[in-house]
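Right, one structure below, let's go through it.
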Amino acid sequence: MPAPFALPDASLTHPITLPDGTPHAGTVYLKNVIDHPRFNVGAYSYASDFDPPALWGGDWAARLAPYLFAFSQEHLRIGRFCQIAHGVRFIGSSANHAMDGLTTFPFTVFDPAAMTGYQPDSRDMVIGHDVWLGYGALVLPGARIGNGVIVGAGSVVRSTVPDYAVVTGNPARVLRLRYAPQEIETLNRLAWWHWEPERIARARPALEGGDLRALAALAP
């Protein structure tokens, strides 16, 4: 009989072990590799990259959110159990230029005396729990992505995405909802992503099999 399934240790850097026993360097639990005052990420959320920053001395925060600086006024918040594919980028508010003048040229950023505290846009980016961001997706300032969302490859998200929606395109539009409204309400109420690891491991068949009733039976 196979051993009971257990979640990978949340403290690991590389949670995927290949068949030959070596860790997969291209996938990381982000919480354990990002130390950035404006980048907050929950446990078990991972990113994968074919050219992982660690191989060339770079860092994952700069790769994923290149315009998010320690002095930025916005935050990037990512929930638990999110899945971030190669090429995904979060383009934060710090990248935006002022648009209320006769030009968009950012004179202030070239003026050290005036630069401190200057930021025309300070909207946060908020990603819920159990979100799958497909290959090459872009998340723009002010985007708020709900729980359980699937963002299609190459999509550009610039607004609010409801829980458990599938979105595609530029700008990303809702293609469909993954579940009925009552089921989405139940999933959000159960909030399985906050359960203890052992309970989540026991819930794996229900989660993978789409059995909401069985998942509810396992709730604390």
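Computed values, structure above
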item: Hypothetical label at Ala201: residues of the stretch 21-47 whose amide nitrogen lies under 18 Å (7 Å Cα-Cβ projection); result: 43-45
item: Helix axis angle, 181-190 relative to the chain longest principal axis, alpha carbon, degrees; result: 80
item: Overall Cα dimensions of the chain - principal axes, largest extent first, Å; result: 68, 42, 28
item: Debye intensity ratio in log₁₀ form over the Cα atoms of the stretch 108-220, taken at each q of 0.14, 0.15, 0.16, 0.24 Å⁻¹; result: -0.67, -0.73, -0.79, -1.23
item: Calculated [θ] (222 nm, deg cm²/dmol) that DSSP helices of n ≥ 4 give over the chain, each run adding -39,500 (n - 2.57); result: -4000 deg cm²/dmol
item: Carbon and sulfur %, accessible surface of the stretch 1-134 computed with the full protein complex present, 1.4 Å; result: 60
item: Rounded D (µm²/s) - the stretch 52-151, Kirkwood Rh over Cα pairs, Stokes-Einstein at 25 °C, 0.890 mPa s; result: 165
item: The stretch 49-197 - accessible surface per residue (Å², probe 1.4 Å); result: 52
item: Spread of Cα-to-Cα distances over 10 Å intervals beginning at zero, given as percent, for the stretch 151-212; result: 20, 39, 31, 10
item: Relative contact order computed over the chain (Cα-Cα under 8 Å; 6+ residues apart), in percent; result: 13
item: Virtual spin-label span in nm between Trp132 and Ala54, 7 Å along Cα→Cβ; result: 2.5
item: Cα-derived Rg to Rh of the stretch 6-75, Kirkwood definition; result: 1.00
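The values are calculated or read from the model by the stated rules, or taken from the named source; none is laboratory data. Nothing here was measured: the structure is a model prediction, and the numbers come from that model. Quick reminder, even Gly has a Cβ in these numbers, built from the backbone with ideal geometry, and neighbours come from all protein chains shown. Just so you know, the surface numbers come from the protein's heavy atoms only, side chains and all, with ligands and any DNA or RNA stripped out. Shrake-Rupley method; radii C 1.70, N 1.55, O 1.52, S 1.80 Å.
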